[in-house]
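The values are calculated or read from the model by the stated rules, or taken from the named source; none is laboratory data. A quick note: this is a predicted structure, and the numbers were derived from the prediction, not measured. So basically every Cβ, Gly included, is an ideal-geometry build from the backbone, and we count neighbours across all protein chains shown. All accessible areas refer to the heavy atoms of the entire protein, side chains included, with ligands and DNA or RNA removed. Shrake-Rupley method; radii C 1.70, N 1.55, O 1.52, S 1.80 Å.
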Amino acid sequence: MYRDETKVIHIGDRVIGGGNPILIQSMTNTKTADVRATTDQIKRLEDSGCQIIRCTVPDEDSARALSAIKKEIRIPLVADIHFDYRMAIAAIENGADKIRINPGNIGGQDRLKAVVKKAKERDIPIRVGVNSGSLEKEMIEKYGHVTAEGLVESALDKVRMIEDCDYDNIVISIKSSDVPMCVKAHELIAKQTHYPLHVGITEAGTLLSGNITSGVGIGIILYQGIGDTIRVSLTGDPAEEVKSAKIILRALGLRKQGCRIVSCPTCGRTQIDLIGLAGKVEKMLETFEDLNITVAVMGCAVNGPGEAKEADIGVAGGKGEGLIIKKGEVVRKVREEEILGALENEIRKSFC
Ligand code: SF4
């Protein structure tokens, strides 16, 4: 189903599905049992805009740590469980707001029943995760290799396993590192389920390749009206995942808060350090997360003002100087070293 029609699911005090805003998730990369390190990282991610956080729970110490972590953070906490149903139960008992499991590898129907019973007691959602890397043999044999159809059939089988336990507080994720396969799987499953979809391209890669792969994959899926929450998966600092997710949502017009920066590619006309300036402007704009404005950073006064017209505010570089432009009108001329400060002042004056 398209996101306007999916089932509304509560994760802690947040809501996904049913046309609610698409929430941004990330995952910690600390040892969950290290409460201090994990809490510090989650707080940093909260500050950068993360709305739901997931921690892996591989052992008892990690499960116990969840209750201490929860006391210190403001966003819902999801427990990531592999294989051991006891960890799922312990995570729920320690306050997890949602668990992510693969019902097929949790140790059989009785153990799954025990996990679902516990989730039901606390009324927390279960995210059913299926991944192309761990698709079961039967599906690979049935379809000849790993396919979108196999991923969808596998995911829906797992959903039925939970429904058979008389529970429907469910979120689904289907992940593949292959973009066309991942897109197709989402298109197929959206026609067959009303549960919200957690969208991501798994093992997308390092900062550059991961961002591009995720931008393309998640972008195509979201643009079709599919997907209720996203995670950009990067080999790097999780804060970068959150930043990238925000940019993807903004680029698609699915998120209004936050400043959008448009900057020119530079050319032979550029006479200031525009690449350095654009980076500094982007950093400075992080402090204006609640604003919804477009800021242009253009290299020259020949094309800059015209190109910046569509922006709310911007700068066009000259020879060792810059023009501050608001809604297409030049409001100030400043020296190159004063551009950043002047732009920030003008944003505060005009939009805060
Ligand atoms: Fe070149 Fe000016 Fe266009 Fe930037 S705005 S690419 S400096 S012409």
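Odds and ends about this structure:
- Taking label points 7 Å from Cα along the Cα-to-Cβ direction, Asp123 and Asp237 give a separation of 3.9 nm.
- Of all the options Gln51, Gln41, Gln271, the one that moves most in a Gaussian network model of the chain with Cα springs shorter than 10 angstrom is Gln271.
- With both labels modelled 7 Å from their Cα along Cα-to-Cβ, the Asn292 to Asp40 distance reads 3.7 nm.
- Taking all protein chains into account, the per residue accessible area for the stretch 225-315 stands at 44 Å² (1.4 Å probe).
- Phe288, Phe351, Phe83, reordered so the largest accessible area comes first (probe 1.4 Å): Phe83, Phe351, Phe288
- Estimated distance in nm for a label pair at Val262 and Lys71, the labels positioned 7 Å out from Cα along Cα-to-Cβ: 5.0
- Within the accessible surface of the stretch 135-250, defined with a 1.4 Å probe on protein heavy atoms only, the carbon and sulfur portion equals 56 percent.
- Carbon + sulfur, % of accessible area of the stretch 260-351 - ligands and nucleic acids excluded, 1.4 Å: 47
- Net length available on complete extension from Glu149 to Val330 is 59.6 nm, with 0.36 nm assigned per residue and the Cα-Cα distance removed.
- The Cβ shell under 10 Å around Arg332 holds other residues with a net charge of 0, Lys and Arg each +1, Asp and Glu each -1.
- For the pair Asp13 and Asn345, a Förster radius of 35 Å applied to the C-beta separation gives a FRET efficiency near 0.45, rounded to the nearest 0.05.
- Largest mean-square fluctuation among Ile22, Ile275, Ile52, in a Gaussian network model of the chain whose springs join Cα atoms under 10 Å apart, belongs to Ile275.
- Net lengthening on full extension, Val302/Lys191 (0.36 nm per residue, minus Cα-Cα): 34.9 nm
- Restricting the calculation to Cα atoms, the stretch 260-351 yields a radius of gyration followed by a Dmax of 11.5, 36 Å.
- Histogrammed with a bin width of 10 Å, the alpha carbon distances of the chain distribute as 6, 23, 28, 21, 12, 8, 2, 0 percent, first bin at zero.
- Each part reduced to its alpha carbon centroid, the stretch 247-289 and the stretch 9-41 end up 27 Å apart.
- Beta bridges by DSSP in the stretch 260-351, antiparallel share as percent, to the nearest 5: 60
- Using a Gaussian network model of the chain in which every pair of alpha carbons under 10 angstrom is joined by a spring, one finds that among Ser173, Ser26, Ser209 the greatest mean-square fluctuation is at Ser209.
- Taking amide H as placed 1.01 Å from N in the peptide plane, the amide H of Val199 sits under 5 Å from that of Asp228, Thr229, Ile230, Arg231, each at least 5 places away or on another chain.
- Under a 5 Å amide H cut-off, with hydrogens placed 1.01 Å from N, Asn131 pairs with Lys175 among residues at least 5 apart or on other chains.
- Under 5 Å from the amide H of Arg332 lie the amide H atoms of Ile324, each residue being 5 or more positions distant or on a separate chain, with H modelled from the backbone and absent for Pro and chain starts.
- Environment charge at Arg255 (Cβ cut-off 13 Å; Lys +1, Arg +1, Asp -1, Glu -1): +3
- DSSP bridge pairs, the stretch 9-251: antiparallel proportion in percent, nearest 5: 10
- Gain upon complete extension [Lys137, Glu5; 0.36 nm per residue less C-alpha separation]: 44.2 nm
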